[in-house]
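Since the structure comes first, as structure tokens, the remarks are kept for the end.
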Amino acid sequence: MARRSRFQVLDARRRAHRSRASSIPADGLVFVGLDERETSYSWADVFTRAQQAAATLVESGVERGDRVAIVLPTSIQFMDAFFGTLLAGAVPVPLYPPVRLGRLDEYQASTVRMLGTVGAKRVVVDERVRAVLGGVVEGADCEPLDAASLTAICRVLVSPADPDALALIQFSSGSTVEPKAVALTHRQLLAQCAVLHALMQEQPGNTRVGASWLPLYHDMGLIGCLLSAVTIRAAWC
């Protein structure tokens, strides 16, 4: 049997995922693992968990305007930390998780530098990330929080933020220079999502389903995919 080209393999996977996506109701998030197992959460689930995470963050001492770093892979725990931080009135700072153990010292130094740049008060990690970061987080004067513990407290409601208040700090990729912090307000995020909505106008008969493999510490993954999906869902309801 002739070997299929990389393009043919990717095209086959794309068609398979499109077929699978057409059967998934567009009412929440679906995570597909490397083993192709799917885990689904409705938007109501995401909101409830975010409220619980907000309560946990506030209980830990996080106040309105504080920076909360998030060093997690794409997962429901990332959603808990990100949306929970927003509901607590704090500012999420997504940072990339470790990907190369061979450059561990460089990764640790870069992470500590970014935590110090934004003055992060807390950093949300899972067990694996915490093991890699070791004691460097404490050296950055930033208390780690276990992502698995964020939904342990009963939910609370938090008043909406000022549209012109700081909503998100993202770092540039650092491909050519050290990563630089970019600050965005709630109004700016919604304006960007509105532009994306204009480009993704709903067509009659179309299934409202999207798929992304982009990392959530990247603006295209976080804003272009996740936040556009959340806000466009609200706009179409």
Look through segment 93-142, keep the residues that are of a type in the set (S, T, N, Q) and free of Cβ contacts under 8 Å to residues at least 60 places away in the same chain, and return whichever of them is farthest from Asp219 (Cα to Cα). Gln108
Output the number of residues of segment 139-175 satisfying the condition of being exposed (fewer than 12 other Cβ atoms within 10 Å of the Cβ) and either touching a Leu at 6+ places or on another chain (Cβ under 6 Å) or at pLDDT below 90 (or both). 5
Candidate set from segment 90-120 (those that are of a type in the set (D, E, K, R) and in a helix (DSSP H, G or I)); member that is farthest from Asp141 (Cα to Cα): Arg103
Filtering segment 77-91 down to residues that are open to solvent by 10 Å² or more (accessible area, probe 1.4 Å) and in contact with a strand residue (DSSP E or B) (Cβ under 7 Å, 6 or more places away or on another chain) yields Leu86
Yes or no: segment 127-135 includes at least one residue that is of a type in the set (Val, Ile, Thr) and more than 21 Å from Leu226 (Cβ to Cβ). yes
Could you list, in sequence order, the residues of segment 54-86 that are hydrophobic (A, V, I, L, M, F, W, C) and more than 14 Å from the chain's Cα centre (by Cα)? Ala54, Ala55, Leu57, Val58, Val62
Ala194 of a type in the set (A, V, I, L, M, F, W, C), at pLDDT 80 or above and more than 24 Å from Ala53 (Cα to Cα): yes
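The values are calculated or read from the model by the stated rules, or taken from the named source; none is laboratory data. The model shown is predicted, which means the values in this text are computed figures rather than measured ones. Here Cβ is always computed from backbone atoms with ideal geometry, including for glycine, and neighbour counts include all displayed protein chains. We work out accessible area using only protein heavy atoms, side chains counted, and drop any ligands, DNA or RNA first. Shrake-Rupley method; radii C 1.70, N 1.55, O 1.52, S 1.80 Å.
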